[in-house]
Every structure is written in structure tokens, then in C-alpha cells.
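Enquirer: Attaching a single structure in C-alpha cells format; questions to follow.
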Amino acid sequence: MFLSQLKLTNFRMFEDLQFDLPTGPIIILGNNGQGKTSILESIYLLAISRAFRAENEREVVNWKTIDSPNPTIVDAVVHGLEGRTRVIIGYHILKKEEVKQNFTPTTDHFSVKKEIRVGGVKRNASSLIGFVTAVLFSAQDINLVLGPPSTRRKFLDILISQSNRKYFRTLQKYQRGLKQRNSILRAIKNGTSQYGELEFWDDLLITEGLTLMFQRMEVLSRIGVDASNFLWELTNNNENLSVVYHPTIKLGDTINDTREVFRNILLQSRQRDIQVGTTQFGPHKDDFELSVNNSDMRLFSSRGQARTIALALRLAEASHISSPQSEPLILLDDILSELDKQRRQKILTTIAQYKQLIITTTNLTDFEDSFLKRSNIFGVHQGKITPYQHDVEGFH
């Protein structure tokens, strides 16, 4: 899989960006604040249907252009299993108020409606997932090790969803059911609902939740082996990684074996759930343990060690998503400067096998000359991207 064209209209800082992408390694060079990460964000948006840096989707709108008749658009030409296909994600402003001087993209002056088109046909997010596949390496990946369980769950959900669209639809059903159950729990506490209203949602959470947990357990066992092998190579055969799934309920051999176990836990925790207004057990509370040489890295990892483990997890993710027919886009967001020379070289050697990889950086000294010679280098400056020239102002 690869992209041949990318056009951004009123996306983040870009009012009108047009980028023709070659295959092979692509290096995007630029100073901080020039939009390098926004380009990767727009590409990753095509894969997961959400902007990974935005808490609210209106944040991707270039707020300086909200009076423009042109919506915010990510427009890409994708080459994959279905041949050459145009994928468009647009954000239409639904309402806006007078913009004040202290306006920021996170205020409530407007809202947006997202529209997805694949090959000219309207699609929803669940049908887009898996059409474009991508793996993003970023500095925030350190939170896969040191961050909260929610970060690791999100990693696992995105990984599985990109290779199994049915999993994503199950996840959506579970999340909607969880929201409804939590609403009823709060209503029971307030005296406006009855216990019997929980039964339907308990059944839904059991059915969809167990499907998620068993799928997570299976996939995590496979990527755990790959991640362990990658970490072994990255650390010169010094660190042995173990990845262990920790669901909030004890899983049996099959879903049917575990159904009553889950039901009993929901019944036993019902009073506590009502008191706190949320469901305490289920896949939304899962975690997985990362241990190196029998030490839990969530508790005892240094930042350097955590970065390396996160790299191993991302490499395992790319390996899992790949197939003989297709492979993901590889996106590296300015992470090489944080690695020593040996690990940089190993990472670049490993990802060089992929058809298209896009790497952002503030300088070229992190790359070997041999890698630079076979890379296409572009400079991004003040909202424009051009083939890199050493004498261009702003790229010294």
C-alpha cells in the first residue's frame, strides 16, 4: 500500500497543500512548528478515521479560514488491494459565532460534521477502518509503557481493528452498550430507573465484551512474540520481553465457558457500580503487562528503556498488519533524534522493507549517507512543501 497524492485544504496550519508522494523512504525536513506532524496526522487520519492529536475533531480546522467557503479536507490517492482509489475526509462547519481575539481551536465557537468518501461513495468510519492501514511511531509512544492502561488498550484496539474490521464494529457496539448501562446505573441511583433495565445491557456487554477479550488475548499472544524478538535485536540480545494480557475477569477456554463468569461478576458488582455510576468490570478496564527480565516495565522502566520497548511494540504492530497482499504505511514522527546511533540504524534497516515510509525530522544528521541517497527528501516551511534544497531559507 502507498499514497501517490495528498492534498490538504484548511487542515491545521495548511490552507492549501499539495504533495506528490513517491514510494520508498520519504524524509520531511523542517523546523519545529512548520507542520511536519500535521502531515503525518492527516495520513494517519485516513487509517483510523480520527486525528490522533485532537481531543475534539474541530481542532483540525484551520481556524483562520473558518469564514472560507472551502471546508477542511484531507484528499488522498491510495494504491492498495482495490487498485487506485481516492479517499476524502471532509469537515464541514455546522455553526459558528463571532470570532473573538482570544479564539482558539478548542473553544466552542463552532462544531463540525465529518464526511468520508471512498471512490466517490459515502462511507462511515467502520467501513473506512482497514481500507488504509498505517503504523505511527511518535515520541508519545513512551506512554505505551509508562502511561495508563487506557493508552495500551487504545494501541491494541487500533492494531486489531486495522486488520479485522469486524473487531472494530464489535468494539463500537460494546462502547454504545457500556454508555447505556452506565446511564441506567446513574438513573437507578437517582431513583428514576429500575434494576430490570440492566438485564438487556448486561447481555450485550457479555456477548460483545467476551468477543473483544478473546480476540485481544489471541492477538496479544502473537504480537508479544514479535515484540520480544524485536526488543532482543534492538538491545543486542540483552533484554527479554514478556507481554501478558490482564483482563478484568478470568477467561475460560472458550467464550461459552466464560459467559456465566462474566454475568456473575456483573451481578456481584452491581451495587458498587450503582454507587459510582460506572461499570467496573469488562474489556474497557483491561490492561497488559510488559516485563523485561521478570521486572514489570510499567513500574520499573527508565525512559530510555521504555522508548525502546515502545519501538518494539510498533514494529510488532507493523508486522501483524502486514500481509503478502498488502502492508501498512510506516510513519515516524521525529523520533530518531532520541535514539543512539546503533538503534537508529536497526530501526531504519527494519522499516526499509516497507513500500512507503514517511519520516519527519529537524535535521539530516540522524541518517546514514546510504539511507539519504535512496530517500526522497522534502522541506516543509510556512505551509509549503518542496523538494529539499540545501540553500533554501529555513532549512540550514
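Enquirer: Can you confirm whether Ser242 is in contact (Cβ under 8 Å) with a residue 60 or more places away in the chain, surrounded by 15 or more Cβ atoms within 10 Å (Cβ to Cβ) and of a type in the set (S, T, N, Q)?
Expert: no
Enquirer: Could you say whether any residue in the stretch 62-72 is at pLDDT 95 or above and of a type outside the set (S, T, N, Q)?
Expert: no
Enquirer: Scan the helices (runs of 4 or more DSSP H) fully inside the stretch 303-396 and keep the ones with 2 or more residues being of a type in the set (Val, Ile, Thr).
Expert: Hits in the stretch 303-396: 303-321, 341-351.
Enquirer: Can you name every residue in the stretch 58-73 that is assigned to a loop (DSSP other than H, G, I, E, B) and touching a residue at least 60 places away in the same chain (Cβ under 8 Å)?
Expert: Asn70, Pro71
Enquirer: Does the stretch 206-245 hold any residues that are in contact with a strand residue (DSSP E or B) (Cβ under 8 Å, 6 or more places away or on another chain) and closer than 20 Å to Gln305 by Cβ, and which are they?
Expert: Ile223, Gly224, Ala227, Ser228, Leu231, Trp232, Glu239, Asn240, Leu241, Ser242, Val243, Val244
Enquirer: Lys341 versus (1) crowded, with 20+ Cβ neighbours inside 10 Å; (2) within 23 Å of Asn237 (Cβ to Cβ); (3) more than 25 Å from the chain's Cα centre (by Cα): which is the lone unmet condition?
Expert: The number of the failed condition is (1).
Enquirer: Anything in the stretch 214-267 that is over 23 Å from Lys166 (Cβ atoms), assigned to a strand (DSSP E or B) and either not β-branched (Val, Ile, Thr) or not assigned by TED's automatic domain parsing to the domain that holds Tyr174 (or both)? List them, or say none.
Expert: Leu241, Ser242, His246
Enquirer: Another question about this same structure. So Leu357 passes all but one of these: (1) under 25 Å from Lys7 (Cα atoms); (2) assigned by TED's automatic domain parsing to the domain that holds Val225; (3) among the hydrophobic types (A, V, I, L, M, F, W, C). Which condition number does it fail?
Expert: Looking at each condition in turn, Leu357 falls short on (2).
Enquirer: Can you name every residue in the stretch 274-321 that is buried (at least 23 other Cβ atoms within 10 Å of the Cβ) and farther than 28 Å from Asp141 by Cβ?
Expert: Answer for the stretch 274-321, where residues must be buried (at least 23 other Cβ atoms within 10 Å of the Cβ) and farther than 28 Å from Asp141 by Cβ: just Thr279.
Enquirer: Somewhere in the stretch 282-292, is a residue in contact with an Asp or Glu (Cβ under 8 Å, 6 or more places away or on another chain), within 23 Å of Asn240 (Cα to Cα), outside the structural domain of Lys341 (by TED's automatic domain parsing) and among the hydrophobic types (A, V, I, L, M, F, W, C)?
Expert: yes
Enquirer: Looking for something touching a residue at least 12 places away in the same chain (Cβ under 8 Å), in the same structural domain as Ile158 (by TED's automatic domain parsing), of a type in the set (S, T, N, Q) and out of contact with any strand residue (DSSP E or B) (no Cβ under 9 Å at 6 or more places or on another chain) - is there at least one such residue anywhere in the stretch 185-205?
Expert: Checking the stretch 185-205: not a single residue is touching a residue at least 12 places away in the same chain (Cβ under 8 Å), in the same structural domain as Ile158 (by TED's automatic domain parsing), of a type in the set (S, T, N, Q) and out of contact with any strand residue (DSSP E or B) (no Cβ under 9 Å at 6 or more places or on another chain).
Enquirer: Determine which member of the set Arg53, Arg58, Arg12 is in contact with a Phe, Trp or Tyr (Cβ under 9 Å, 6 or more places away or on another chain), charged (D, E, K, R) and modelled with pLDDT under 95.
Expert: Result: Arg58 is the single residue among Arg53, Arg58, Arg12 that is in contact with a Phe, Trp or Tyr (Cβ under 9 Å, 6 or more places away or on another chain), charged (D, E, K, R) and modelled with pLDDT under 95.
The values are calculated or read from the model by the stated rules, or taken from the named source; none is laboratory data. Small disclaimer: the values here were computed from a predicted structure and weren't measured. Methodologically, a virtual Cβ is constructed for each residue, glycine included, from the backbone with ideal geometry; neighbour enumeration extends over all protein chains shown.
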